[in-house]
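What follows is one structure encoded as structure tokens, with my remarks underneath.
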Amino acid sequence: MTEATTLPLEHALILSGILFALGLLGILARRNILFVLMSIEIMMNAAALAFVAAGSRWHAADGQILFILILTLAASEASVGLALVLQIYRRFGTLDTDAAGELKG
Amino acid sequence: MYDLLYLVFAFPLAGFLVLAFARGRVGERLAAAIGVGSVGLSALLTAALAGQFLSHPPAGGAYTQTLWHWMSAGAFDVRFALRLDGLSLSMMGVITGVGFLIHLFAAWYMRGDEGYPRFFSYMNLFVASMLFLVLGDSLLFLYLGWEGVGLCSYLLIGFWYKDPANGAAARKAFVVTRVGDTLFAIGLFLLFHSLGTLDIQQALSLAPQQFAPGSPTVTLITLLLLGGAVGKSAQLPLQTWLPDAMAGPTPVSALIHAATMVTAGVYLVARTHTLYELAPFALHLVGGVGAATLLLAGFSALVQTDIKRVLAYSTMSQIGYMFLAEGAGAFQPAIFHLMTHAFFKALLFLAAGAVILACHHEQDIFKMGGLRKKLPLAYACFLVGGGALAAFPYLTAGFYSKDEILWQAYASGHIGLFWAGLFGAFLTSIYTFRLIFIVFHGEYRGHGEVHAGHGLAYGLPLVALLILSTFVGGMIHQPLSGVLPANPAEEGGALQQQVAALSGAVAIAGIALAGALFLGERRFVARLAQSAPGRWLSRWWFAAFGFDWLYDRLFVRPFLYVTRVNAADVFDLAVAGIAAGLRALYRGSVRSENGRLRWYAASMAAGAVLVIAAVIYL
């Protein structure tokens, strides 16, 4: 591994921050719950990217272990989330989160 | 046999619980069977206990049954114990015996009322509490029963709660007796402070060693106990609640406000007589209060127009006799008069109930009249009960007890009390026979057909109480000699004969005067009432000497004024400010909870940013 092929940590963190901001924007802007779920996926992957980059910078395996953990988490989240999406569609006939907003004070 | 003692109050208590929890699910017949039957069972048990007590008296003349320890803290140790002696046996006999007859009558009187099971549940609770009161071996236990009967009195005065006037009467009775109860409680604290025990027997045996006769502490304690007694027994100055308490159903007036609860004060003074003997001033005051009340109530009863209010004032005046007797040191005649009074006053109230129902809930005696042909049984009851109330010589129970009181007052040197009692007897016979002559003689002045009651539940209680109100009741001997001190004066002798003859003559003279005034056209009375002093006096007496007016000005209005003025002070503002702040916070959080997922996500993100910024920069 040569010096030229190594990415500086800052670049990886900036990419990760951009991905996270995009995901958050998706959650805030999108009304379709499927896209909201996808945005959450993006945010989680942004966090995972930051872990991997940090692990590579400090030459520690912890970053990659955490990546596997986040991957598992994302998979289980997607399965539960998709099941909920299915139920929401059956119940309300739409995937619009605002139309399904029944829990108000 | 004696170990069944606890069942005497357990039966009515069980009856109360069953009726209270089965409310709405039991019909009239079942409710009556439970309500009357439970008291009947305890009356039977009381009779069996009395037979045992008289044939094989327990060692020392008293039997104590400890059920369990109620509470124990340091030197403060209260046993849940029942004590059966001559005094509590006499009271038990009155409560369960007369109570059973009144319950039976109530089963007839209350039929068709929507609150029938409720009525009997309260009545059973009352009987159980009253038995607590007389059986309790500790003053705290007695106080428990004391409060219990007060509660039942409140519930039953306001039984027909849909009329606000009844609720007001119930509140008045509760609040006025509460004044006395508070004094009573303070007296108990003081007693425990100086003697270290609330056990009645222990306290009574310790008191002569602890207190010098006439010492300020014992005088204060007895005065505070007397405060409780006058509240419960409707004596001066806490007497104003009893006439209003007549708002309750008539069997309630018979049981609670004539026969049993209002005599609890007499019982309390008799039970703690050792303390009163150490405080001669308080004992004098007991007699003075009794004499003043019996005269005041006698004058008021002369001009009342409501049949139950006449009887209420006569109850006050007869309890005045009991206090008078205790003030003269004659405790046994006081308890004897308590028993005969329970018989004839319960009879009068039940007969009044029969008259009221026969006249379609009419209580004004001037809208009755001429009822002796239509209601012969009620007429006979009123003649015998009224005769006993007026102490008609030799034939009635009231004569034996009242004559005994007058003789003891005279012979023990309380001449003032004696003359007050004698004049009170004269008033009693006038107002009693005024009532009888107006209601049962002359022309019928009411509306609607008069229909007499019938059936066993109607006739049996009246006849039984009628028999007990004659000399038969006067023959009953109460086993009081071991419990209460001996009478101050001896029995027999020519002087007692003369006093008896005098009081008999006074009673007959009063009846004759009532006959002259109220039989026939009543022209003289009408002219008397029209004259200026007559109008003024009768208005003054009708309002019971204006005590209600006085208390309204002295206590009620200033209190209401203070509450009104105090409605918006600084503390209230602070409290209101807290409430307003919380309301604003509530409105804000309700608005944030709008059910929009994206809004929640945004606020979470904003919150995370805020927290991270705080962590970094602070």
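Just so it is clear, none of the values below were taken in a lab; they were calculated from the coordinates. Since the structure is predicted, the reported quantities are computational estimates derived from the model, not experimental observations. When we count neighbours, we look across all protein chains shown, and the Cβ atoms used for this are built from the backbone with ideal geometry, even at glycine.
Each Cα pair under 8 Å and six or more residues apart adds its separation to the average, and for the range B:138-247 the resulting relative contact order is 34 percent. Shape class for the range B:565-618: oblate, because the ratio a/c of the largest to smallest gyration tensor axis (alpha-carbon atoms, square roots of eigenvalues) is 1.5 or more and b/c is at least a/b.
For B:Ser503, neighbours were defined as the other residues whose beta-carbon sits under 14 Å from its Cβ, and their charges (Lys and Arg +1, Asp and Glu -1) total -1. Once divided by 2.2 N^0.38 Å, the Cα radius of gyration of the range B:474-618 becomes 2.73. The percentage of C-alpha pairs in the range B:1-76 whose separation is greater than 17 Å is 59%. Summarising the label geometry, the points placed 7 Å from Cα in the beta-carbon direction at A:Asp96 and B:Arg527 lie 9.9 nm from one another. Of the peptides B:361-374, B:379-392, the order by per-residue mean of other Cβ atoms within 10 Å, starting with the highest, comes out as B:379-392, B:361-374. Taking the three principal axes of the alpha carbon atoms in the range B:485-554, the coordinate ranges are 48, 42, 16 Å, sorted in descending order. Taken about its Cα centre, the range B:82-222 carries a charge dipole of about 300 debye when Lys and Arg each add +1 at the Cβ and Asp and Glu each add -1 at the Cβ.
Annotation: extensible slack from B:Arg178 through B:Tyr551 equals 132.8 nm (criterion: 0.36 nm per residue apart, minus Cα-Cα distance).
As an exercise, use a Förster radius of 51 Å and the Cβ-Cβ distance of B:Met71 and B:Ala33 to find the FRET efficiency, rounded to the nearest 0.05. With R0 = 51 Å, the Cβ-Cβ based efficiency is 0.90.
Computed from label points 7 Å out along Cα-Cβ, the spacing between B:Glu491 and B:Phe542 is 4.7 nm. Modelled spin labels at B:Ala20 and B:Leu618, positioned 7 Å past Cα toward Cβ, are 5.5 nm from each other.
All alpha carbon pair distances within chain B were sorted into 20 Å bins beginning at 0; the resulting P(r) in whole percents reads 19, 50, 21, 7, 3, 0. Stretched out straight at 0.36 nm per residue, the stretch from B:Ala48 to B:Ala608 would grow longer than its current Cα-Cα span by 193.4 nm. Charged side chains reduced to their Cβ positions (Lys and Arg at +1, Asp and Glu at -1) give chain A a dipole of some 340 debye around its Cα centre.
Across chain B, the relative contact order, built from alpha-carbon pairs under 8 Å that are at least six residues apart, equals 12 percent.
Can you compute the FRET efficiency between A:Leu9 and B:Asn566 using 1/(1 + (r/R0)^6), with r the Cβ-Cβ distance and R0 = 56 Å? Round to the nearest 0.05. Computed FRET efficiency for A:Leu9 and B:Asn566: 0.20. Per residue, the convex hull around the alpha carbon atoms of the range A:59-98 comes to 60 Å³.
As a rough guide to protection, the peptides B:492-502, B:126-136 ranked by mean Cβ packing within 10 Å, highest first, stand as B:126-136, B:492-502. Amide H to amide H distances under 5 Å link B:Ser138 with B:Ala81, B:Ile200, where only residues 5 or more positions off or on other chains count and H is placed in the peptide plane. Considering the range B:283-384 at the alpha-carbon level, its Rg and Dmax are found to be 15.6, 48 Å.
Between the residues B:Trp407, B:Gly453, B:Gln478, the greatest Cα displacement towards the positive end of the dipole of the range B:354-499, with unit charges on the Cβ of Lys, Arg, Asp and Glu, is found for B:Gly453. Eigenvalues of the alpha-carbon gyration tensor of the range B:342-391, scaled by 5 and square-rooted, set the equivalent ellipsoid semi-axes at 18, 11, 9 angstrom, largest first.
Evaluate the Debye formula for chain A with equal point scatterers sitting on the alpha carbons, no solvent, and hand back log10 of I(q)/I(0) at q = 0.16, 0.17, 0.22 Å⁻¹, in q order, two decimals. With no solvent term, the Cα-only Debye profile gives -0.78, -0.84, -1.12. Here is how the number arises for the protein assembly as shown: DSSP H runs of 4 or more residues each give -39500 (n - 2.57), the sum is divided by the residue count, and the result at 222 nm is -23500 deg cm²/dmol. Pairs of C-alpha atoms in the range B:92-166 farther apart than 13 Å represent 69 percent of all such pairs. In chain A, which whole DSSP H runs stretch at least 20 Å along their own axis (Cα) and average 1.6 or higher on the Kyte-Doolittle scale? Counting only whole DSSP H runs, the qualifying helices are A:9-29. Mean partner shielding of peptide B:61-71, defined as the number of other chain Cβ atoms within 10 Å of each residue Cβ, is 0. Pairs from the list B:Lys172/B:Lys232; B:Lys232/B:Lys402; B:Lys172/B:Lys308; B:Lys232/B:Lys367; B:Lys232/B:Lys345 with a Cα-Cα gap above 24 Å: B:Lys232/B:Lys367. Relative to the Cα centre, the charge distribution of the protein assembly as shown, modelled as +1 at Lys and Arg Cβ and -1 at Asp and Glu Cβ, gives a dipole magnitude of about 1960 debye.
Note: the range B:403-496, Cα convex hull, 171 Å³ per residue. Peptide A:24-30 has a mean shielding of 3, counted as Cβ atoms of other protein chains within 10 Å of each residue's Cβ.
In terms of its C-alpha gyration tensor, the protein assembly as shown has a prolate overall shape, because the principal axis ratio a/c (a ≥ b ≥ c, square roots of the eigenvalues) is not below 1.5 and a/b outweighs b/c. Each peptide in B:9-16, B:549-556 receives the mean, over its residues, of other Cβ atoms within 10 Å, and ordering these scores from highest gives B:9-16, B:549-556. Since only B:Met130, B:Ile102, B:Asn166 are under comparison, the one whose Cα sits farthest along the positive direction of the charge dipole of the range B:79-193, derived from C-beta charges on Lys, Arg, Asp and Glu, is B:Asn166. Averaged over peptide B:134-145, the number of partner chain Cβ atoms lying within 10 Å of each residue's Cβ comes to 0.
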